Amino acid sequence: VNGVSMMDEQQFKEQYTALIERIKSVSPDTKIICCSISSVVSNYTGSDGLTTIMISDANDWIREVCSATGVYFTDSGKAVGDGTGAVLSSYLSTNGKTLNSSGVNEILLYLRTHALTTE
C-alpha cells in the first residue's frame with residue numbers, strides 16, 4: 001500500500017509482475033495467492049495522500065497482474081470493508097490506514113473460509 005500513491009499504473013504493474021516472476025523463478029512449485037490491499041477509513045487524511053479510489057485502482061491492477069502471470073487473486077480486503085470502498089474504522093488503528101488486530105483477524109478468517117481448491 002505504501003507505493004500506491006507514488007506509482008502510476010505502469011510502474012505498479014511492472015513492480016508487481018517482477019515480484020511474482022521472481023518468486024516463481026526461485027520456487028516454481030509454490031502456489032501464489034495475492035491478496036487485495038485493504039483500504040483506508042473514508043475520511044483518511046494521511047500525508048501519503050491515499051484515497052479509497054487509489055486503492056481500488058491498485059486492487060484492479062493486482063487482479064490484472066495475477067491474471068497475466070497465472071497466479072491467484074483473493075479480494076480479502078472486502079472482509080474489513082464498509083461496502084463503499086473504505087475500511088470500517090473498527091478494523092483500523094488510529095492512523096486510519098493500518099489494520100488493527102481485529103482487522104487482521106477478519107482477514108485471516110476470510111482466508112481460512114475461502115480456501116483455494118485445486119484438482
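The values are calculated or read from the model by the stated rules, or taken from the named source; none is laboratory data. In this text, all values refer to a predicted model and were calculated from it rather than measured experimentally. Ideal geometry is used to build each Cβ from the backbone, glycine not excepted, and the neighbour counts take in all protein chains shown. In case anyone asks, the SASA skips ligands and DNA or RNA and just uses the protein heavy atoms, side chains included. Shrake-Rupley method; radii C 1.70, N 1.55, O 1.52, S 1.80 Å.
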Practice item. Work out how much length I32 to H114 would gain on full extension: take 0.36 nm times their residue separation and subtract the Cα-Cα distance, in nm to one decimal. Key: 28.1 nm
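Give me the 1.4 Å probe accessible area per residue for the chain, excluding ligands and nucleic acids, in Å². Display every interim value, and only then the final one.
Values: 7280 Å² over 119 residues.
Per residue, the chain has an accessible area of 61 Å².
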Review point. Lysines near K24 by alpha-carbon distance under 21 Å, same-chain residues fewer than 8 away left out - which ones?
Key: K13
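What's the magnitude of the charge dipole for the chain around its Cα centre, counting Lys and Arg as +1 and Asp and Glu as -1 at the beta-carbon? Answer in Debye, nearest 20.
Values: 8 positive and 13 negative charges, 63 e Å.
The calculated dipole for the chain is roughly 300 debye.
Share of Cα-Cα pairs in the chain beyond 16 Å, in percent?
Details: 4370 of 7021 pairs.
Roughly 62 percent, rounded to a whole number.
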Review point. Got a number for the accessible area of M6? Probe 1.4 Å, square angstrom, nearest 10.
Key: 140 Å²
**Study point:** Under 21 Å from K97, Cα to Cα: lysines that are on another chain or at least 8 residues apart
**Key:** K78
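Going by accessible area, probe 1.4 Å, with all protein chains left in place, what is the ranking of I53, I37, I62, largest first?
Numbers: I53 120, I37 30, I62 0 Å².
I get I53, I37, I62, largest accessible area first.
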Point to revise | Inter-probe distance in nm under a simple model that places probes 7 Å from Cα toward Cβ, at D48 and T17 | key: 2.4 nm
Check your understanding: How much of the accessible area of the stretch 34-104, in percent, comes from carbon and sulfur atoms when a 1.4 Å probe is used?
Key -> 51 percent
Study note, to complete from the structure: the chain: relative contact order from alpha carbon pairs under 8 Å, six or more residues apart, as a whole percent, is 27 percent
Study note, to complete from the structure: Extension length gain for N95 and D57 (0.36 nm per residue less Cα distance), in nm, is 11.5 nm
**Study point:** Dipole of the chain [Lys/Arg +1, Asp/Glu -1 at C-beta], most positive-end residue of M7, T84, S25
**Key:** S25
